[in-house]
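All of the numbers you see were taken from the coordinates with simple rules; none came from a lab. Not measured: the values here are computed from a predicted model. FYI the Cβ positions are ideal-geometry reconstructions off the backbone, even for glycines, and counts take in every protein chain you see.
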């Protein structure tokens, strides 16, 4: 049986967590709201879009803080990764060229599509038809090509 | 957008700078707008206005010859609504002031630091404006000359029809603006006019006639027609005097003339230049900012002239600086995401700040924000590193001193105060809190004398550097504040004990206390080392003595054995029996 980790036994988060705690709480609340939102009148896949979007935003926030602005320490970043505040796999993709704005991992999972292709949101805008409005099925992304 | 080389600058003002500054707006291509763009801009009208339009009331011309009758009333002039700031120019050596030109060709100065805008250019800024316009004129003159030469050639081909009339108009106009224009320029203007008229004549006779008739009818467009000749709102070739004060006697004079010329048919003409109040200025600036807000103002709205591009570059740094200042002023946490910042709809939001629009695009703003965040975080880190870290126990102990009582068990106490910030402090673990609480409660049960003695012992343990005669009750060292013994006594008694103890202490050691202490440390170490050495020597000596002693013992034993052997060897003639007897 795994050890039960109560609040009293938990280690405190690394230094600097206080600075971003409020923002993370906000994201958490948004996520809760998205989870509890009604599915009335929505398509089946549409229900999950907000969840994808919020987790993307949260991951991006932490990614920016650590890699772009160097505002949080390595320890804190690792702690956030470990505690599920960010999606490490998504961030790993963001570091690769051509995937800098990737919306979610599902959208590059070619094996899940009929023609072994990526999602429509990965297509650069100039290759789309004029004024073609897209919104991908997996996460509601409207286009995440790097050169958009 | 047009390239600057295509622009034409008709007749730069030379003498015009003495008492007012004429507005040299950006011209559209002369061929297009002057001749075909707007019907009022007749070739006949153009010449006289070349000679006259220096008058500081050009704005009137805009609505006088407008096709929209509703615009004729200057008082409730929709011009104000129509007018937009078009370009801004930095005034060299008058740094906070910029010259703003409007779509209608009017002009005002704006102070970027105090945010005030004035139609009437202040005395101290005037030289800057003059200098700027002179420079602008010089630049444009070169282009204009080339253009005129070209047109002159064209004119040579077909001068005719209107020559007589042109001559007449010129004579009319001359009287009024002689004092303002140099002869050479005027001549140039005339030539240009003639060329244009000739061209017009080629284009269509009936149109020409119409224009002529109109002029004859007494509308007198010449008296007020802006120099460029196009009266439309989109035009910017009109020169305009925007100092709209009533004290401008020249203006009055011109107005009189215009009134006389206009007759009763159009009373609206006599309204004179529109008076612009503070509201209008505010409106102008707001409009200007709106243009900045739409993101790609430079590209698609066409209100920014080409000449502005490089000035924009020069201003970019300033704008970025102001934007950063705004971010700092709003006390924004650098850890806030950008989306949150711009989605904020509270009255303190940055998007409601005027300075928010100083950068034209959201992308530019975000870039500046990113740099700002980076800098701010770096500074914050530095500050935190410098700041003395407060022991997390201090606030908790202060809380305990106030709230803890032997009547409450720890779980009860925890439950009662679980909402308090100190009870949820992460730096201090739950266990540590519990331990401190229990110890504190137990100590409260001890007799006061013991607690007092403990406190004094604690105070004595503090080095003189931290606690001395100069220490006040507010600046007690952390070592004292974070100790349980400090809160064991009731505050009144405790303060008394501490102040008593402090009064017995010597004053703080001199400034070199650190060095002194280091020296003390060294000496202490030396002493210790010497002591250790002595001890070692003693041990060695002991060892040596011991070894010597053992050696001696061994020798003695050897000697003894030798003696015994000798004795044993000494067997006499008397034999063994004798010997045994002896023993």
Exercise for the section: Measure off 7 Å from each Cα along the Cα-to-Cβ vector at residue B:150 and residue B:381, then give the distance between these two points in nanometres to one decimal. Expected result: 5.9 nm
Handout entry: Cα-derived Rg to Rh of region A:32-104, Kirkwood definition
Key = 1.06
Exercise for the section: Take residue B:407, project a point 7 Å from its Cα along the Cβ direction, then tell me which residues of region B:445-486 have their backbone nitrogen under 18 Å from it. Expected result: B:445
Exercise for the section: For residue B:472 and residue B:124, compute 0.36 nm times the residue count separating them, minus their Cα-Cα distance, and round to one decimal in nm. Expected result: 119.6 nm
Practice task
Would you please state which residues of region A:3-35 a label at residue B:346 would reach in this model, taking the label point 7 Å out along Cα→Cβ and a backbone N cut-off of under 15 Å?
Solution key: A:22-23, A:26
Practice task
Mind giving me the FRET efficiency for residue B:495 and residue B:388? R0 is 25 Å, r the Cβ-Cβ distance, nearest 0.05 is fine.
Solution key: 0.60
Handout entry: Share of pairwise Cα separations in region A:1-127, more than 20 Å, in percent
Key = 57 percent
Practice task
For residue B:453, put the label point 7 Å out on the Cα→Cβ axis and report which residues of region B:483-497 keep their amide N under 17 Å from it.
Solution key: B:485-486, B:488-489
Practice task
Arrange the following residues from fewest to most other Cβ atoms within 10 Å of their Cβ: B:89, B:440.
Solution key: B:440, B:89
Problem - Inter-chain shielding of A:14-26 (mean C-beta neighbours from other protein chains, 10 Å cut-off) - result: 3
Problem - Estimated FRET transfer efficiency when R0 is 51 angstrom, pair residue B:582-residue B:534 (beta carbons, to 0.05) - result: 0.35
Practice task
Starting with the fewest neighbours, write out A:101, B:386, B:115 ranked by other beta-carbon atoms found within 10 Å of each beta-carbon.
Solution key: B:386, B:115, A:101
Problem - Number of partner chain Cβ atoms within 10 Å, mean per residue of B:422-428 - result: 2
Completion exercise
Expected sort for B:327, B:458 with the fewest Cβ neighbours (10 Å cutoff) up front is B:458, B:327
Fill in the blank from the handout: Mean per-residue count of partner chain Cβ within 10 Å for B:338-345 equals 1
Handout entry: Where only C-alpha atoms are counted, convex hull volume of region B:357-450 per residue in Å³
Key = 172 Å³
Completion exercise
residue B:363 and residue A:126 label points (each 7 Å along its Cα→Cβ direction) are spaced in nm at 1.4 nm
Exercise for the section: Estimate the FRET efficiency between residue B:354 and residue B:416 by the formula 1/(1 + (r/R0)^6), using the beta-carbon distance for r and 51 Å for R0, to the nearest 0.05. Expected result: 0.55
